[in-house]
Structure formats: structure tokens, C-alpha cells
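Okay, so here's the structure we're looking at.
The values are calculated or read from the model by the stated rules, or taken from the named source; none is laboratory data. The structure displayed is predicted, hence computed values, not measured ones. Note: ideal-geometry Cβ built from the backbone for every residue, glycine included; neighbour counts use all protein chains shown. Areas reflect the complete protein model, heavy atoms only, side chains present, ligands, DNA and RNA absent. Shrake-Rupley method; radii C 1.70, N 1.55, O 1.52, S 1.80 Å.
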Amino acid sequence: MSKFTMEDLVNYAKKWGFVYQGSEIYGGLANTWDYGPLGVELKKNLKTAWWKTFIQQSPYNVGLDSSILLNPDTWKASGHIDGFSDPLLDCKACNTRHRADKLIEEHAEEEIEVDGWSEEKLFEYINQNNVVCPNCGALNYTDIRKFNLMFKTTQGVVDDSKSDIYLRPETAQGIFLNFKNIERSMRLKLPFGIGQIGKSFRNEITPGNFIFRTREFEQMELEFFCQPNTELKWFDYWKKTSKEFLLKQGLSEENLRLKDHKPEQLSHYSNATTDIEYKFPWGFDELWGIASRTDYDLKQHQTLSGQTLTYHDQETNERYLPYVIEPSLGVERLFLSVLLESYKEETLADGETRINMKLPAHLAPYKVAVFPLIKKYHREKAEEIFTFISDFFPTTYDESGNIGKRYRRQDAIGTPFVITIDDDGRDNDIFTVRDRDTMEQVKLKKADLVPYLIKKTRYQ
Ligand code: ATP
């Protein structure tokens, strides 16, 4: 990774139209972010890559787009109403609010694993180890309280028909609710998976680190249903597939690590969990959670809904609840790691420096930029080529400033190819295509442009 700090990244993302502060003209709304013209393209490309790997090319999986608002019983069954909470405490000296587990993790000099600790244990550790308030330095906290992370709202317009309802804190439960619908309508046999991409909401106590932890975010989740006793084999399969996916998005082996949860850290419903962590500027942190969830969710929904959710195995003529593997990845965390990994500052042969946002071509917001070499002579042809190419690829057009500056701008936003129209282009339909990383140029006939660019930018 280059010496690219978070501050550099926030500035870069704003300057080049990737990410802006939310509600900025009103002074902002803390920890909300809007994705600009380039950010929305990068996000879309990440989601398309995930969908291609996990749905389109998978022999097992199908897709879904379920509602954000679900029957509130869903969250009773899933355990979110009773158990989806973080340990919160306040500093009595300065009234700032903290997450007890994160305070300890940030304070400890060596890595410390606090998942699964009771509130008493967290509180004792904080006081015995002098984990002072990061804001004011006092050691004077309230007791730890459980803070439920779900956003509650009401549905209905008339007061007496209003009911409490929640914004979903994960997309997964919408999948469990549709398990039987999908099994029947698609005539699926185990093992099979259902994936979806969508917004989730969590009233995080301490959002931050730019887009790493926000209250509104997107998840790409797969629930993979399999026969009991085969789940650990599939758990390994999805861990491997997920890691390979990350490498294909340009993340490097040395910035990734798999962290298995120890038995005492596992959630009560899980018999194996691994986090794929990325080396963010503040250290390794969770990018992707992969959990073997047993039959917990289906069992809970079956009990509370009174509906049979079992699977009829025609080979063995048995009925059972499938076991589930869940790889769950945040779009924004992937976005952040891809930008951090791809950002390079380079010194060129002539001593000039450039930012090269070395995004894998399939992720680049624009695949191609079209430039007339000299506006006065080459514009007409350049416009024709822009129209032709933009039918196939996200394309941008730039005719302002000298050609060197225009190249630098495209390098900085990660555009992998630039087509420059010069006399040869205008008169003979022969075009120069420049490669962002090697800066080498090839000459191509008009008919060869699209096949060349497809080959170079396709995600496979
Ligand atoms: P963390 O420990 O960082 O709070 P988590 O273990 O609660 O994360 P999961 O419930 O496993 O997260 O969610 C799956 C994935 O969704 C995470 O790995 C992450 O990529 C993403 N995610 C979860 N919470 C947030 C958030 N507040 N902001 C952005 N992404 C999130």
C-alpha cells in the first residue's frame, strides 16, 4: 500500500467526484456520504462483479431483491430485537458516548480479542487497565448498557393503526423469509444459495473511519443452504471463493488475512465463523464476515410463523431444515479497500509525477476516454468516436487543456484506456489507444477498437 492516509483518501474522493460528505450545504449530517458520478460507477461495478461471481456464474445460486421493511415478527424470530446490541457507555466527564469493546481494542497495545466478553468483564478491564476516555482522558464512565442497533420507525397514517417497524439491519432475513417460495418456484434441490444486494441500517454508536462504519450501508449477502453435516465443507468452499473474489478486485494477498473466531467467540447459533480482514490504514479490520449459521434462522422462523420451512430430500425421503453458510460483505468496505489498494503515486521518466488509480479495468468508472489531439482539427471525428464507443462502454470525452494534463486526469480517476484522435484518425480511421499503466500506445482500425477494449476490460 502507498503512504495514503485516510485524510488523503477523503480529499481525493471529494476532489475527483467519488464521495462527498452527506448534506454538506447544511453543515453535513454526521457520517453520511453521497457517492458522486465516479463513486456511483465504482460501486455499481463492484456489485456487478459480486453478482457475476456469486449469482450469474455460480452453478448453485439465484438472486433476490426483498423489502427493506419486513413484518416485525421477523426480528423477534431472528433475535435482533432481544440481542442485536452493542455495549455502550458514556464518559461522565465530557458526555461522549463509546462502545466498550472498541475502547479496549483501540487502547490495547497488542491485539486483543473481546468478542464474547460479558459486560462485567468489559467494565472490569476498562477500569483495571486505565482505558481512559479518548476524548478527555478521564476514567469516569457510566455502567455499560446494551444499545439496540436497529432503527425503529412507524408504519401507518392514523394514530391507532400505527405500528412499530424496523429498517432492516441486514439483508439476510429477507432471504430466509423467501426460502420456501424460491425453492418451490425455481424447483431447487440442495445445495443451493440465494443472494441479494441491498441497503441495511444500523444505529451504530461510533460510526467513523470515513465510509468504513456508517449507519446506512449496502450489503452483498449470500445464504447458502445445504444438508446438515455438509456445512463445514461448504464453509471452506465459500471462504476460498470469497478470498479469490477479493484478489480479483485487485486486493493483494499481504493486505488480507482470514481470522477464525475461537469457540468462545462464536455466536450461539454458529459452529464456525471467519472474518476476512483487510489492512486498513488503522490496521487489520473486518471486510467480510463468513458464518456457518446451522439451521438457527429457519428454525426460529418456522417456530414463530407456524409455517413449515423444512426441505423434503427426495433421495433419502427425509424432511429437515437445511444448514446455512452466510458470506456477508459490505459494499462500502470493499469500495474503501479497493481505492486504498489501487492508489499509486508514480514518478515518470521525465521527472513528472502522476496519480495512477490502478483500478482493475472492470472496476474503472470510465473504461475509455476520447480526446481530440487538437480541438480545432480533430473534434468532429472525436465526437463521432465518442458516440460509437459510448454505446459499448462508460466513456468520457475531454478536449480541454494540453494532452499531457488530460492524460493525468484520466490516470487519476483510473480510466484504463484513452483513444486520441489525430490526423491519422481523422483521415484514415486509424486510432491511438493508450494504456493507463504501461502508457504504451497501439494503433487500431475503427473496427478493431471495440473487440480490443472488450478483451481488455471484461471481468472474468
Ligand atoms: P463490525 O464488527 O465491524 O461492526 P459486524 O461483524 O457487525 O461488523 P456483520 O453483521 O457480520 O458485521 O455484517 C457483514 C458485513 O457488513 C461486514 O463485514 C461489513 O462489511 C458490513 N457492515 C456491517 N456493519 C457495517 C456498517 N455499520 N457500515 C458499513 N459496513 C458494515
Rounded to the nearest whole number, the per residue volume of the convex hull around the C-alpha atoms of the chain in Å³ is 200
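Restricting to DSSP loop positions (anything but H, G, I, E, B) with no more than 12 other Cβ atoms inside 10 Å of their own Cβ, which GluC sites (Glu not before Pro) remain in region 282-360?
Answer by residue number: 315, 352.
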What is the Cα centroid distance between region 359-414 and region 64-124, reported in whole angstrom? 47
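Ignoring ligands, DNA and RNA, please state the percent of accessible area on region 113-192 from carbon and sulfur, probe 1.4 Å.
Numbers: 2120 of 4600 Å².
About 46 percent, which is the carbon plus sulfur part of the accessible surface.
Using the Cα centre of region 225-264 as the reference point, and only Cβ charges (+1 on K/R, -1 on D/E), how large is the resulting charge dipole? Debye, rounded to the nearest 20. Please list the in-between numbers first.
Details: 8 positive and 7 negative charges, 12 e Å.
Computed charge dipole of region 225-264: roughly 60 debye.
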Acute angle (nearest 10 degrees) that the helix 231-248 long axis makes with the longest principal axis of the chain, alpha-carbon atoms: 30
Whole-number accessible area per residue in Å² for the chain, which is evaluated in the context of all protein chains at 1.4 Å: 48
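In region 142-220, which trypsin sites (Lys or Arg not before Pro) fall in coil by DSSP and have 13 or fewer other Cβ atoms within 10 Å?
Numbers: sites: 145, 146, 152, 162, 180, 184, 187, 189, 199, 202, 213, 215; in loops: 162, 187, 189, 202, 215.
Answer in residue order: 162, 187, 189.
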Report, by chain and number, residues whose modeled amide H sits under 5 Å from the one on residue 61, excluding near sequence neighbours (fewer than 5 apart, same chain). 193
Return the carbon/sulfur percentage of the accessible area of region 249-379, one whole number, probe 1.4 Å, all protein chains in place. 46
Mind giving me the nanometre distance, one decimal, between the label points for residue 147 and residue 458, set 7 Å out from Cα along Cα→Cβ? 5.0
Which loop-located chymotrypsin sites (Phe, Trp or Tyr not before Pro) does region 59-152 contain, where loop means any DSSP state but H, G, I, E or B and the Cβ has at most 12 other Cβ atoms within 10 Å? none
List, in order, the whole-Hz ³J(HN,Hα) value for each residue of region 350-362 obtained from phi through the Karplus relation with A = 6.51, B = -1.76, C = 1.60 and θ = phi - 60°; use x for Gly and Pro. 8, x, 6, 10, 9, 8, 10, 7, 7, 5, x, 4, 5
Residue 138-residue 440 pseudo-label distance in nm [points 7 Å out on the Cα-to-Cβ vector]: 6.5
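Could you work out [θ]222 nm for the chain from helices alone, using -39500 (n - 2.57) per DSSP H run of at least four and dividing by all its residues? Round to the nearest 500 deg cm²/dmol. Intermediate values should be presented prior to the final figure.
On the way: 15 runs with 151 residues, N = 460.
That calculation yields -9500 deg cm²/dmol at 222 nm.
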Separation of the residue 26 and residue 260 label points, Cα + 7 Å toward Cβ, nm: 4.9
